[in-house]
Amino acid sequence: MNIQLYDTRTQTLCALEPVRPGAVGIYVCGPTVQSAPHIGHLRSALSYDLMRRWLSARGLEVTLVRNVTDIDDKILVNAETTGEPWWALAYRVEREFSAAYDALHVLPPTYEPRATASIQRMQLIIERLIERGHAYPAADGSGDVYFDTASWPEYGALTHQRREDMVDAADADPRGKRDPRDFALWKGHKPGEPETASWASPWGAGRPGWHIECSAMSTQYLGETFDIHGGGRDLRFPHHENELAQSAAAGFEFARIWVHNGLVSVGEQKMSKSLHNSVFAADLLGSAPAQAVRYFLGSAHYRSTLEYSATAIEEARRAVERINGFVARAAETLAGEVPEAAVPDEFAAAMDDDLNVPQALAVLHERVRAGNAALATGDLDGLRSAAGEVSAMLQVLGLHPDDYRTDAQAESGLEQALDVLVQQRLHERAAARQQRDFSTADRIRDELTEAGVTIEDTADGAKWSING
RNA sequence: GGUGGAGUGGCCGAGUGGCGAGGCAGCGGCCUGCAAAGCCGUAUACGCGGGUUCGACUCCCGUCUCCACCUCCA
């Protein structure tokens with residue numbers, strides 16, 4: 001096995017050499033559940049879902065921990081706006097995220113810890129940092145505790161910045177910091193903030209700072225040394241830099257490989273609330289098939305910026321249709337007897353090479369083409385081989401059409417009812433064609449097309465399908 | 001100012017020092033009553049200027065443009 005991943009810290013492709021042979025621990029920065037998920041969140045989750053699926057396919061026992069940060073400044077602020085208790089908002093948003101992940105067939109992580117359930121361990125780490133001289137309670141009596149960046153020579157190691165080059169935030173509130181670059185590990189409770197957002201601590205009641213929760217949750221479940229830490233590119237600084245500094249200063253070896261997924265842009269700009277260009281998960285999944293959305297999100301390498309457009313989604317939909325068409329025809333021709341198969345070597349090589357999914361998709365399409373060709377020439381052995389490999393690749397990519405047949409569709413009886421009605425029309429059309437009454441035949445086809453039903457004439461008669 | 005990344009054919013998007021991934025769209029052909037689907041074939045390319053090399057889109061230097069982070073952000 002020779003799996004390579006690009007590591008942000010060393011800026012090189014690293015061979016994955018698990019801390020525990022045969023097993024891999026991955027920690028992914030999940031969302032701060034402050035507002036609705038957008039397509040960028042989906043892309044991030046999908047990137048690590050693909051990583052997890054591939055490492056599993058390679059025989060590794062994967063432990064994937066993706067946190068939910070459910071206490072944070074923004075959550076408190078947004079809850080004030082909506083009038084909900086902050087914890088109700090956090091949970092409501094968390095469920096929106098889960099629904100979007102499920103729709104995309106992002107597998108549930110091994111565990112999904114919430115920040116609010118890890119306060120004790122955060123405090124333990126903060127205490128340790130104070131003991132070691134890398135953190136200090138604010139002198140202003142605010143109850144805040146800060147990480148002392150000056151005490152940590154390696155500060156900036158992840159993002160290759162020198163501490164002295166860092167521009168101080170113009171609008172940062174210095175409060176009790178010794179240096180503007182110091183960051184909060186613990187925030188003292190302030191009058192007016194909900195009592196429910198306050199936990200007792202050796203430094204007074206308060207709540208955690210933004211970065212400490214990840215140091216606590218990752219090491220809690222994966223150990224003080226673990227294999228892979230992932231997150232969005234925009235989290236490199238300050239979040240991951242601070243997370244690394246406080247973890248290392250606390251004496252943890254921490255993550256071996258730091259992986260960062262690229263962002264989704266709209267109109268060549270990053271999606272952001274202030275630009276009002278966010279594409280929300282619910283809207284997107286409501287307007288395009290989940291399978292196509294998943295394909296689209298995987299169509300660029302995970303580290304590249306991915307440009308969103310309605311056209312791109314439509315192209316993904318077409319590509320997926322092509323794949324689904326082959327899978328359906330192959331299953332029918334083989335009477336469902338699609339053999340189990342391994343993924344092709346080229347596919348495996350692409351995935352091993354820093355999860356080159358676009359390259360892997362090229363292999364998938366090549367096999368689909370070969371399968372279609374086999375179908376056209378009646379080469380059943382070739383068809384079986386291609387169908388098996390295609391199926392295996394689709395499983396790894398989470399794109400198998402069988403997974404996307406919704407239960408509602410299958411169980412409601414709608415499909416059967418529609419089939420009866422469409423078959424009646426197809427019989428009429430077949431009769432008309434037999435009499436060479438093509439205008440009647442075409443009228444029937446046009447009517448069905450108008451209704452969103454596509455007709456294909458095959459050697460076995462007409463087939464129908466719903467336009468994606 | 002610092003740090004990281006990108007500029008590839010109509011569009012999206014991989015990649016490599018030397019037979020131009022893949023998808024979508026296009027064109028020609030096969031199939032079809034006509035379509036659809038599929039198959040076969042096919043055009044269009046590597047921001048710009050130098051350099052290294054037998055040969056560079058790929059390496060080096062310079063240059064232009066764009067994006068991200070340095071403030072909450074996947």
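The values are calculated or read from the model by the stated rules, or taken from the named source; none is laboratory data. Just so we're clear, the structure is a prediction, and the values are computed from it rather than from any experiment. When we count neighbours, we look across all protein chains shown, and the Cβ atoms used for this are built from the backbone with ideal geometry, even at glycine. Each accessible area value is taken on the protein alone, full model and side chains, heavy atoms only, with ligands, DNA and RNA left out. Shrake-Rupley method; radii C 1.70, N 1.55, O 1.52, S 1.80 Å.
The figures follow:
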| quantity | calculated |
| --- | --- |
| Leading residue at positive end of dipole, chain A (Cβ point charges), from A:A360, A:T81, A:L64 | A:T81 |
| A:R233 paired with A:F438, simple spin-label distance in nm, labels 7 Å along Cα-to-beta-carbon | 5.3 |
| Crossing angle, helix A:310-333 versus chain A [Cα axis fit, 0-90 degrees, rounded to tens] | 50 |
| Dipole magnitude of chain A, debye to nearest 20 (Cβ charges: Lys/Arg +1, Asp/Glu -1, about Cα centre) | 320 |
| Candidate residues A:Y221, A:Y308: accessible-area rank, largest first, probe 1.4 Å | A:Y221, A:Y308 |
| GluC sites (Glu not before Pro) lying in DSSP loop within the range A:310-344, provided at most 13 other Cβ fall within 10 Å | A:E337, A:E340 |
| Orientation-averaged projected area, Cα convex hull of the range A:164-272 (nm²) | 9.8 |
| Dipole of the range A:287-404, positive direction: furthest Cα of A:V343, A:S309, A:L297, with charges on the beta-carbon | A:S309 |
| Backbone HN-Hα couplings from phi across the range A:68-73 [Karplus 6.51/-1.76/1.60, Hz, Gly and Pro as x] | 10, 8, 10, 9, 5, 3 |
| Over chain A, relative contact order from alpha-carbon pairs under 8 Å, at least 6 apart, % | 16 |
| Largest-first ordering by accessible area, 1.4 Å probe, given options A:D446, A:D403 | A:D446, A:D403 |
| Alpha carbon centroid spacing (whole Å) that separates the range A:415-448 from the range A:109-132 | 66 |
| Heavy-atom accessible surface of the range A:338-468: percent carbon and sulfur, 1.4 Å | 50 |
| Accessible area per residue, Å², chain A with all protein chains present, probe 1.4 Å | 47 |
| Solvent exposure, largest accessible area first (probe 1.4 Å, DNA, RNA and ligands not counted), of A:S385, A:S198 | A:S385, A:S198 |
| Heavy atoms of A:T82 accessible to a 1.4 Å probe, total area in Å² rounded to 10 | 80 |
| Chain A, helix-only ellipticity at 222 nm - DSSP H runs n ≥ 4, -39,500 (n - 2.57), divided by all residues, nearest 500 | -14500 deg cm²/dmol |
| Placed amide H near A:D144: partners under 5 Å, 5+ positions off or other chain | A:A138, A:G188 |
| Karplus-derived HN-Hα couplings along the range A:243-255 (A = 6.51, B = -1.76, C = 1.60, θ = phi - 60°), whole Hz, x at Gly and Pro | 4, 5, 4, 5, 6, 5, 5, 7, x, 8, 5, 6, 5 |
| Computed lengthening from A:T449 to A:D102, 0.36 nm per intervening residue step minus Cα-Cα distance | 121.8 nm |
| Per-residue HN-Hα couplings for the range A:453-460 [Karplus 6.51, -1.76, 1.60; θ = phi - 60°; Hz; x = Gly/Pro] | 9, 8, 9, 10, 8, 10, 4, 8 |
